[in-house]
Every structure is written in C-alpha cells, then in structure tokens.
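Q: So that we are looking at the same thing, I have put the structure below in structure tokens.
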Amino acid sequence: MSGLLAGKRLLVTGVITDASIAFSVAKLAQENGAQVVLTGYGRLSLVERIAKRLPEPAPVIELDVSNEEHLAGLADKVREHVDGLDGVVHSIGFAPQSCLGGGFLDAPWADVATALQVSTYSYKSLAVAALPLMSAGGAVVGLTFDATKAWPVYDWMGVAKAGLESASRYLALHLGKQGIRSNLVAAGPLRTIAAKSIPGFDQFEDAWTQRAPLGWSLTDSEPAARACLALLSDWFPATTGEIVHVDGGYHAIGA
Ligand SMILES: NC(=O)c1ccc[n+]([C@@H]2O[C@H](COP(=O)([O-])OP(=O)(O)OC[C@H]3O[C@@H](n4cnc5c(N)ncnc54)[C@H](O)[C@@H]3O)[C@@H](O)[C@H]2O)c1
C-alpha cells in the first residue's frame with residue numbers, strides 16, 4: 001500500500017453529506033492508503049448512503065457524542081472492523097438556534113450547555129473513548145473556526161470553539177506521554193449543513209471571498225482535508241497542541 005497514510009487505521013466522525021469536511025477527509029485518506037471507519041449521528045441511513053460514495057465503502061458506527069453508552073461501546077464496535085487506531089478525526093459541531101445569529105445575550109444556559117457538550121467536551125470524550133485502541137500512539141485531529149476573535153453571528157459557537165482550542169491543548173498535555181498528538185485545523189467558511197444552520201453565514205462568505213490573500217472557495221473542503229491528512233500522517237511527529245489555519249490566509253490580515 002502506498003500514500004501519505006499507508007497502513008493507517010482511522011476513525012472519522014462527522015460525515016452527513018458529501019459536502020461535509022469529514023467526507024473529504026475520509027475520501028482523501030482512503031486515496032492515500034488509510035483504512036477508514038466512520039461514525040454517524042442521527043440519520044444513519046443517510047450517512048451509510050454517503051459512505052458508499054467513498055472510493056472504498058466504509059463501515060458506519062452510530063455515535064452521538066453526548067450519549068455515554070455510545071461512547072462506552074465505541075472501542076468494541078470499532079474493533080469489529082480494525083484491530084487498533086492510528087488516528088481519530090473529530091469533525092463535529094452543533095449549537096441550538098438561540099446560540100447563533102446574534103442571540104448571544106439571550107441564549108439560555110441549557111442551549112449553551114448543549115453547544116459546549118457537543119462541540120467542545122466531545123473532543124475529549126471521543127479521544128478517551130478511542131484510547132483503548134491507540135496503545136501504539138497516534139493523532140487526534142479536530143476542526144475549528146478561528147476563535148481568537150468575536151465574529152458577527154457566530155456567538156456561542158465561537159465560545160465553544162475557543163473551548164475546543166483550549167481542550168485540544170489540554171489533550172496534547174495529557175496524552176503526550178502516550179505518544180498521542182492533538183491538533184486542530186482552523187478552516188475558513190465552507191457551505192456545509194452546519195454552516196447553513198448559522199443565520200447570517202453569508203457575512204463570512206463575503207468577507208473571505210473578498211479579502212483572503214490566496215482567495216477562498218466556499219465549496220472546496222479539500223484544502224482543509226489535506227491539512228487534516230498531514231496532521232494525521234507521520235510528517236508532524238513532534239507537533240501537538242497546534243492550530244493550522246486553512247483559510248486562504250484570512251487570519252493573517254487586518255480587516
Ligand atoms: N463549514 C464551515 O464553514 C466550518 C469552518 C470551520 C470549522 N468547521 C467545523 O468543521 C466541523 C465539521 O462541520 P462541517 O462544516 O463539515 O458540517 P457538517 O454539517 O457536514 O458536519 C457536522 C457534523 O456534526 C455531527 N454532529 C452533530 N451533533 C452530533 C452529535 N451529538 N454526535 C455526533 N455527531 C454530531 C453531524 O451529524 C455532522 O455530521 C465542525 O466542527 C465545524 O464547526 C466548519
């Protein structure tokens with residue numbers, strides 16, 4: 001087998017359509033020699049249908065990251081398909097509508113708590129659930145949206161992402177001794193289901209397409225996926241707690 005991820009066994013969460021960043025990651029990973037197991041949330045038959053569009057049909061395991069039973073049973077279910085894991089991809093985000101679109105001052109705690117559980121805490125939960133399969137070390141990679149700034153309409157999802165960025169650094173701290181790296185890719189705006197659920201998302205689209213130094217495609221998730229592959233590969237062996245921006249350079253410029 002050849003390719004950047006030859007022989008690697010990956011668990012990829014977050015596929016819901018073929019526009020999902022996770023779909024690009026799974027596709028590129030297979031094309032680069034990896035064996036991929038997917039997890040799906042909610043509409044499992046849809047995820048299974050999308051999984052058949054990959055170069056190699058991939059098995060799909062049900063996982064709601066806020067469900068303790070799903071998390072506790074994950075390792076055994078993954079073991080039915082692969083004998084261990086070299087990498088885990090967290091491509092999961094959700095916030096109730098009250099948390100997005102300008103409602104920052106009014107969103108109730110129960111909704112904020114859901115956003116934080118699914119989008120932030122789950123990064124740790126997923127890594128810990130996969131840990132029994134990672135005795136030889138490996139890489140955990142997640143997706144963020146630059147949380148160093150307060151964006152219009154992103155609101156509590158921005159807070160959740162700031163927490164995710166911190167959680168990734170703590171995961172790096174706590175899993176480093178086991179040879180497990182934790183890194184994030186900060187992607188620019190992409191037209192996925194998650195993005196479409198954000199009222200006013202078009203403001204990001206306009207800003208990026210007009211100002212990103214390298215230009216920016218709102219429909220091409222391959223650049224973000226490529227960075228995920230690089231971080232999952234053996235080419236970042238001494239990098240952990242890092243955030244790689246894949247945003248056409250937008251983060252580097254003034255407004
Ligand atoms: N689209 C963008 O503009 C953009 C930019 C930067 C970062 N991101 C991040 O990329 C990641 C993937 O999002 P996407 O844009 O590909 O959208 P997407 O809608 O395709 O993927 C989001 C995924 O989260 C899953 N999910 C939601 N709640 C879950 C739960 N309780 N348990 C398990 N899975 C759950 C959904 O099933 C879906 O597969 C997210 O973390 C998102 O915040 C997206």
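The values are calculated or read from the model by the stated rules, or taken from the named source; none is laboratory data. The structure presented is a predicted model; accordingly, all values stated were derived computationally and were not measured. Glycine gets a Cβ as well: all are built from the backbone with ideal geometry, and neighbour counts include every protein chain shown.
Q: Name the residue, out of PRO223, PRO199, PRO213, that is over 18 Å from GLY179 (Cα atoms), modelled with pLDDT of 95 or more and assigned to a loop (DSSP other than H, G, I, E, B).
A: Details: PRO223 fails: assigned to a loop (DSSP other than H, G, I, E, B); PRO199 fails: modelled with pLDDT of 95 or more.
After applying the criteria, what remains is PRO213.
Q: Further question: Is there any pair with a first residue in segment 154-171 that is within 18 Å of LEU105 (Cα to Cα) and a second that is part of a helix (DSSP H, G or I) and away from the ligand (no atom under 11 Å from the Cβ) whose Cβ atoms are under 7 Å apart and which are 6 or more apart or on different chains, and what are they?
A: ASP155/CYS99; TRP156/CYS99; TRP156/VAL112; MET157/CYS99; ALA160/LEU116
Q: Same structure again: Any idea which of ALA110, ALA19 is surrounded by fewer than 23 Cβ atoms within 10 Å (Cβ to Cβ) and outside any loop (DSSP other than H, G, I, E, B)?
A: On the way: ALA19 fails: outside any loop (DSSP other than H, G, I, E, B).
When all the criteria are applied, what remains is ALA110.
Q: In addition: Among the listed residues HIS90, HIS70, which satisfies the condition of being touching a strand residue (DSSP E or B) at 6+ places or on another chain (Cβ under 8 Å) and either closer than 16 Å to LEU164 by Cβ or modelled with pLDDT under 95 (or both)?
A: Numbers: HIS70 fails: either closer than 16 Å to LEU164 by Cβ or modelled with pLDDT under 95 (or both).
Step by step, each of HIS90, HIS70 is checked, and only HIS90 is touching a strand residue (DSSP E or B) at 6+ places or on another chain (Cβ under 8 Å) and either closer than 16 Å to LEU164 by Cβ or modelled with pLDDT under 95 (or both).
Q: Looking only at segment 169-190, count how many residues are surrounded by 15 or more Cβ atoms within 10 Å (Cβ to Cβ) and either within 12 Å of the ligand (Cβ to nearest atom) or part of a loop (DSSP other than H, G, I, E, B) (or both).
A: Counting residues in segment 169-190 that are surrounded by 15 or more Cβ atoms within 10 Å (Cβ to Cβ) and either within 12 Å of the ligand (Cβ to nearest atom) or part of a loop (DSSP other than H, G, I, E, B) (or both) gives 7.
Q: Of the numbered conditions (1) farther than 25 Å from ALA115 by Cβ; (2) small (Gly, Ala, Ser); (3) touching a residue at least 12 places away in the same chain (Cβ under 8 Å), SER217 fails exactly one; give the number of that condition.
A: (3)
Q: Is it fair to say ALA6 is within 16 Å of ARG226 (Cα to Cα), at pLDDT 95 or above and either of a type in the set (Val, Ile, Thr) or surrounded by fewer than 18 Cβ atoms within 10 Å (Cβ to Cβ) (or both)?
A: Working: within 16 Å of ARG226 (Cα to Cα): yes; at pLDDT 95 or above: yes; either of a type in the set (Val, Ile, Thr) or surrounded by fewer than 18 Cβ atoms within 10 Å (Cβ to Cβ) (or both): yes.
For ALA6, the condition - within 16 Å of ARG226 (Cα to Cα), at pLDDT 95 or above and either of a type in the set (Val, Ile, Thr) or surrounded by fewer than 18 Cβ atoms within 10 Å (Cβ to Cβ) (or both) - is met.
Q: Restricting attention to segment 41-59, which residues are without any contact (Cβ under 8 Å) to a residue 24 or more places away in the chain and either assigned to a helix (DSSP H, G or I) or not basic (Lys, Arg) (or both)?
A: LEU44, SER45, GLU48, ARG49, PRO57, PRO59
Q: Here is a follow-up. Restricting to segment 39-64, name every residue that is within 11 Å of the ligand (Cβ to nearest atom), surrounded by fewer than 16 Cβ atoms within 10 Å (Cβ to Cβ) and among the small types (Gly, Ala, Ser).
A: Matches in segment 39-64: GLY42 only.
Q: Could you look through segment 65-82, keep only residues that are assigned to a loop (DSSP other than H, G, I, E, B) and free of Cβ contacts under 8 Å to residues at least 40 places away in the same chain, and pick out the one that is surrounded by the fewest Cβ atoms within 10 Å (Cβ to Cβ)?
A: GLU80
Q: Would it be correct to say that GLY14 is in contact with a Gly (Cβ under 9 Å, 6 or more places away or on another chain) and either assigned to a helix (DSSP H, G or I) or over 22 Å from THR144 (Cβ atoms) (or both)?
A: no
Q: Within segment 25-61, work out how many residues are among the polar types (S, T, N, Q) and under 15 Å from the mean Cα position of the chain (by Cα). Explain how you work it out, then say what you get.
A: Within segment 25-61, the subset among the polar types (S, T, N, Q) is 30, 32, 35, 39, 45.
Filter once more, keeping what is under 15 Å from the mean Cα position of the chain (by Cα): 39.
Of the residues in that region, 1 qualify.
Q: Something else now. If I go through segment 74-130 residue by residue, how many of them are small (Gly, Ala, Ser) and within 17 Å of GLN35 (Cα to Cα)?
A: Filtering segment 74-130 down to residues small (Gly, Ala, Ser) leaves 75, 84, 87, 91, 93, 95, 98, 101-103, 107, 110, 113, 115, 119, 122, 125, 127, 129-130.
Imposing the further condition that a residue be within 17 Å of GLN35 (Cα to Cα) reduces the set to 75, 84, 87, 130.
Of the residues in segment 74-130, 4 are small (Gly, Ala, Ser) and within 17 Å of GLN35 (Cα to Cα).
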